[in-house]
Amino acid sequence: MTRGVERVSRANAGGLTFVARLAHAPFPIEDRDNVYFDGRDPETGERFHTGPTGPLPETQHYRDDRVLFHVPRHFNPARPFELLVFFHGHRAELQRTLIGEHALARQIDESRRNVVLVAPQLALDASDSHPGKLAEPEGLARFLDEAADVLAAHVEGLVRDVAQRAPIILVAFSGGYRTAALCLERGGVERRIHGVLLIDAIYGEVERLGAWLAGPGRRDFFLCLYGESSREGTEALVEALAKDGIDVHRAYPRRISPGIVYVAWVDTSHDLIPRDGPPAAPIADFLKRLP
């Protein structure tokens, strides 16, 4: 099902970073009834979705089926490992935003954890949180099965069946919140979820996140870093969890323990939080603090 590897490169310090096109990537979507694509360009006939900033043409924003993979230089496929699945925010492009602005590959290298990055392109350079095919029942399971095929083909010693069973760490920044929430609810990989890190990302889906934390995620890791822009959603989640009898620790933990919900305030510009935190390099720091 994989559509081919677009680019493969090795960093100077080792490791492997590449982009592949996957059939089960979030986009494109069929939307045969034009439920999401609510208009057409009168001259070209191209479908578009009307977002908060105006019409978003399908070809420009919803046809990108690329997925970014990063295998750190210290990765050992013979040891237990995890897949870190990253959902980006608005106006993002995989290489420019994740590799460049967020320094995501570097953070995974710095963590020294035996983990592989899998990051799909969501809506390209658009102010839109649509999860694409990942909103479908078991959409994440199909996507990660195909990702396992790609990894087995490009990482020496990595066994496809092992990658298909590997625990999952979900990380979402900003507008990636909706994809994360829907994947937790219906992604088909509930037993594989190891933990969740949300970075200034609770703008909605409080009910879905609360249901996961009160149910399947009760014994998993959960940390939310939030600033002013996601304060309202974060506080709504904390309130909902309190009604379910779930305690929330309002401090950044020295050691992240399973079954505890942590929320920590950060006074940093929204776009800089994935790189600067605090703590600096928050994704690397999160991985280091997991047992």
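Per residue, the convex hull around the alpha carbon atoms of the stretch 18-175 comes to 112 Å³.
Would you list Trp265, Trp212 from fewest to most Cβ contacts within 10 Å? So the ranking, lowest neighbour count to highest, is Trp265, Trp212. Considering only Cα atoms, the convex hull volume of the stretch 87-165 works out to 104 Å³ per residue. Counted residue by residue at 0.36 nm each, then reduced by the alpha carbon distance between them, the extension gain from Arg112 to Arg79 reaches 10.6 nm. So for the stretch 109-222, what percent of the C-alpha to C-alpha distances run longer than 22 Å? Value for the stretch 109-222 (Cα pairs over 22 Å): 33 percent. Dimensions of the stretch 182-283 from C-alpha coordinates, computed as largest minus smallest value along each principal axis and given longest first, are 33, 25, 24 Å.
Which distance in Å, rounded to a whole number, links the C-alpha centroids of the stretch 152-213 and the stretch 228-291? Their Cα centres are 16 Å away from one another.
Between Asp38 and Leu272, the C-beta separation translates, for a Förster distance of 35 Å, into a calculated FRET efficiency of about 0.55.
Can you tell me what share of the DSSP beta bridges in the stretch 37-158 is antiparallel? A percent to the nearest 5 is fine. About 65 percent, rounded to the nearest 5.
Between Ile169, Ile246, Ile273, the GNM of the chain built on Cα springs shorter than 10 angstrom shows Ile246 fluctuating the most.
Computed over the chain, the per-residue total of -39500 (n - 2.57) for DSSP H runs of n ≥ 4 gives a 222 nm mean residue ellipticity of -7500 deg cm²/dmol, rounded to 500. Kirkwood's formula applied to the C-alpha pairs of the chain gives a hydrodynamic radius of 19.2 angstrom.
Highest mean packing first, where packing is the average number of other Cβ atoms within 10 Å per residue, the peptides 199-210, 280-291 line up as 199-210, 280-291. Beta bridges assigned by DSSP with both partners in the chain are antiparallel in approximately 45 percent of cases. The Rg/Rh ratio for the stretch 42-133 is 1.10, where Rg is the radius of gyration of the alpha carbons and Rh is the Kirkwood radius.
Values quoted throughout were computed directly from the atomic coordinates according to the rules given, and no laboratory measurement underlies them. The model shown is predicted, which means the values in this text are computed figures rather than measured ones. We place every Cβ from the backbone using ideal geometry, glycine too, and count neighbours over all the protein chains shown.
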